[in-house]
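Here's the structure, in structure tokens; my notes come after.
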Amino acid sequence: MVEVIQGRDITLAELIEQFGLQLADNEQFFSEWQLDLPELSDLEKQSLNQVKAEYLHLSKYPILEPVVKMVVLSPLLHLAGFYQPPFYIASEQEVKISSEDEGTIIRGGIDILVFHPPFWVLVIEAKRAEYSLEVAIPQALAYMLANPGNDKSTYGFVTNGREFQFMKLTKQGTPRYALSYTLSLNRGDDLHTVVKVLKRLADLIRNS
């Protein structure tokens, strides 16, 4: 009997068991989020300080996913250049992935997909502010596994508006993944770092 799991309900343990997903043990596997990050202009820094101020103001009341996307995520993608060629954006992209024996099928919808035809570039999951990123990580990884391209790395980005985490997945042979540290809007210039990483990933794709 085929088991159908909604993406939002998937666990990391199920991805490991059903799809052979492994955590990369080499620190260099995902060095992109730490090395060769670009500098930001003063204007970009001012924009990010405004995003932070607006989020902190609005967070006095519960912040749902649509607000996270509008107030935080959209400005970050804009500053990183993902609204410009060669990139395109899709919202609520439906995906389905099945295990090799097709005993398990995962269905769901990617909150935001950045793609450079025909390749998926960045899978983004946005959660309401009170949710832990731990909820979003398996969901994003499951959708990244559904990427139709096997020869290029796929990147993931999860946020609840206040915290941010990046991930990388490769599917050549055994699927492997790695995570960045958790970055926080409330900690120093972490929000600046988030945009620097996004810019770095965009540059990698443009020049690949």
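A few remarks follow.
- For the chain, leaving out every one of the trypsin sites (Lys or Arg not before Pro) that falls in a DSSP loop and has at most 12 other Cβ atoms within 10 Å, the longest unbroken run is 61-186.
- Largest GNM mean-square fluctuation among L141, L23, L169, using the chain with Cα springs under 10 Å: L23.
- The stretch 53-208 - percent of accessible surface contributed by carbon and sulfur, probe 1.4 Å: 50
- Cα-projected label distance for D25 with Y61, points at 7 Å along beta-carbon direction, nm: 5.1
- Alpha-carbon centroids, the stretch 1-34 and the stretch 153-186: separation in whole Å: 11
- Only Lys, Arg (+1) and Asp, Glu (-1) charged, at Cβ; the chain dipole about Cα centre in debye: 540
- In a DSSP loop and with at most 15 other Cβ atoms within 10 Å, the GluC sites (Glu not before Pro) in the stretch 1-75 are E39.
- Mean separation of Cα contacts under 8 Å (6+ apart) over length of the stretch 162-201, as relative contact order %: 35
- Highest-fluctuation residue, M144, M167, M70 considered, GNM on the chain with Cα pairs under 10 Å: M70
- Percent of Cα pairs exceeding the 24 Å cut-off, where the set is the chain: 39
- Under the criterion of Cα pairs below 8 Å and six or more residues apart, the relative contact order for the stretch 21-134 equals 21 percent.
- Annotation note: GluC sites (Glu not before Pro) in the stretch 108-141 located in DSSP loop regions with a Cβ neighbour count of at most 14 within 10 Å are E130.
- Dipole size of the stretch 115-184 about its Cα centre, with +1 on Lys/Arg Cβ and -1 on Asp/Glu Cβ: approximately 120 debye, rounded to the nearest 20.
- Among G173, G156, G109, residue whose mean-square fluctuation peaks in a GNM of the chain (springs only between Cα atoms under 10 Å): G173
- The chain - share of DSSP beta bridges that are antiparallel (%, nearest 5): 70
- Summed side-chain charge close to S91 - residues other than S91 whose Cβ falls under 15 Å, Lys, Arg +1, Asp, Glu -1: -4
- Nearest-ten-degree value, helix 42-58 long axis tilted from longest Cα axis of the chain: 80
- Over the stretch 82-171, the fraction of Cα-Cα pairs per 5 Å bin, rounded to whole percents and listed from the shortest bin up, is 3, 14, 25, 25, 19, 10, 4, 1, 0.
- Projecting the Cα atoms of A13, A53, Q172 onto the dipole axis of the chain, where Lys and Arg carry +1 and Asp and Glu carry -1 at the beta carbon, places A53 farthest toward the positive end.
- Unsatisfied cross-links (Cα-Cα over 21 Å) in the set K52/K168; K168/K196; K60/K127: K52/K168
- Whether the stretch 1-76 is rounded, prolate or oblate, judged on the alpha carbon gyration tensor where a/c under 1.5 counts as rounded: oblate
- FRET efficiency, 1/(1 + (r/R0)^6) with R0 30 Å, evaluated for I105 and H78 via beta carbons: 0.25
The values are calculated or read from the model by the stated rules, or taken from the named source; none is laboratory data. Keep in mind that what you see is a predicted model, and the values were worked out from it rather than measured. Note: ideal-geometry Cβ built from the backbone for every residue, glycine included; neighbour counts use all protein chains shown. Surface accessibility is based on the protein's heavy atoms, side chains included, excluding ligands, DNA and RNA. Shrake-Rupley method; radii C 1.70, N 1.55, O 1.52, S 1.80 Å.
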